[in-house]
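A.B. asks: I have a structure here, written as structure tokens, and I will follow up with some questions on it.
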Amino acid sequence: APGAQQFIPPQADTLDALRAAAGGCRGCELHRDATQTVFGRGGADARVVLVGEQPGDMEDQKGLPFVGPAGRLLRRAVDDAGLDPTGLYLTNAVKHFRFELRGRRRIHQTPDRVHVTACRPWLVAEFARLRPELVVVLGATAAKALLGPSFRVTRQRGTLMPWPASAERPEDFARVPVDSAGGVADAPAARLLATIHPSAVLRADDQDTAYAGLVADLTVAARALA
Ligand code: URA
Ligand code: SF4
């Protein structure tokens, strides 16, 4: 598969331009069976980017990330953690819904590494336009996309980490704050925090404990921004 890079116009310097281009991506085979590309959403001035796995059934139909049950739980957790929802940008590691047909039902299938790799240029392009202060990775797929295949969310969640050397051009992602005189102040590197995926909370045997863990991790994120 060719990957997404060739579908990203170098002159696409806004999120809207990227989103429009992503609508025509054929960087891997997932575009064939899915309804549409589900690009990220949120303000261009978002301080925090939340990265999920891939759109679900509902997201695929609506064309927006996190509008189904996992999104509802995520919004509640964001609220309970005291994260400002207006300062968030929501996106996914993979922009098309991967599923298996069973009868008439579309059953979620975890994307393979080839899909994550093919789609990563879109994520990198989003980071480069947004320059977030903090990236929160939700679950194993997003974590592996940014932190490599050996990263284990269960063991390494809930702590602030420096931007990983394995990610492309970290200097492109780091927000460069402008000081009161209009000059460029010291540029702190973007930071990253991993936590469990809201869908994993919905699947957990003990949902209350899993939910409390998600909120605790997001609270670390909220404090980092304060
Ligand atoms: N799960 C995800 O990872 N992303 C969505 O957008 C919805 C559900
Ligand atoms: Fe392109 Fe990503 Fe969709 Fe594959 S999943 S076609 S790389 S947007």
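Bear in mind that the values in this text are calculations on the coordinates, not laboratory data. Keep in mind it's a predicted model, so treat the numbers as computed, not measured. Using ideal geometry, Cβ is built from the backbone for each residue, glycine included, and neighbour counts are taken over all protein chains shown.
A.B. asks: Could you work out the helix-only [θ] at 222 nm for the chain, with each DSSP H run of four or more residues adding -39,500 (n - 2.57) and the total divided by the number of residues, to the nearest 500 deg cm²/dmol? Present the calculation step by step, with values, prior to reporting the outcome.
C.D. replies: Numbers: 10 runs with 91 residues, N = 226.
Computed ellipticity for the chain at 222 nm equals -11500 deg cm²/dmol.
A.B. asks: Report, by chain and number, residues whose modeled amide H sits under 5 Å from the one on Glu53, excluding near sequence neighbours (fewer than 5 apart, same chain).
C.D. replies: So Glu53 has HN proximity to Ala93.
A.B. asks: Out of Pro132, Ser150, Leu83, whose Cα points farthest toward the positive end of the dipole of region 72-162 (charges: +1 Lys, Arg; -1 Asp, Glu; placed on Cβ)?
C.D. replies: The residue sitting most towards the positive pole is Ser150.
A.B. asks: A further question follows. Starting from the exponent 0.38 and prefactor 2.2 Å, build the expected Rg for the chain from its residue count and divide its actual Cα Rg by it.
C.D. replies: Working: Rg = 16.9 Å, N = 226, 2.2 N^0.38 = 17.3 Å.
Computed over Cα atoms of the chain, the ratio equals 0.98.
A.B. asks: For region 103-165, what's the radius of gyration and Dmax over Cα atoms, in angstrom?
C.D. replies: In Å, with Rg to one decimal and Dmax whole: 13.7, 45.
A.B. asks: Next question. Test of understanding: ordering Thr91, Thr154 by Cβ neighbours within 10 Å, fewest first, what list do you get?
C.D. replies: Arranged by neighbour count, lowest to highest, Thr91, Thr154 become Thr154, Thr91.
A.B. asks: Something else about it: When the dipole is taken about the Cα centre of the chain, and only Lys, Arg (+1) and Asp, Glu (-1) are charged at their Cβ, what size is it in debye, to the nearest 20? Before the final figure, lay out each step's value.
C.D. replies: Values: 28 positive and 25 negative charges, 124 e Å.
Dipole magnitude for the chain comes out near 600 debye.
A.B. asks: Quick query: amide H of Arg191 versus all other amide H atoms, modeled in the peptide plane; which residues come in under 5 Å with a sequence gap of 5 or more or a different chain?
C.D. replies: Leu134, Val135
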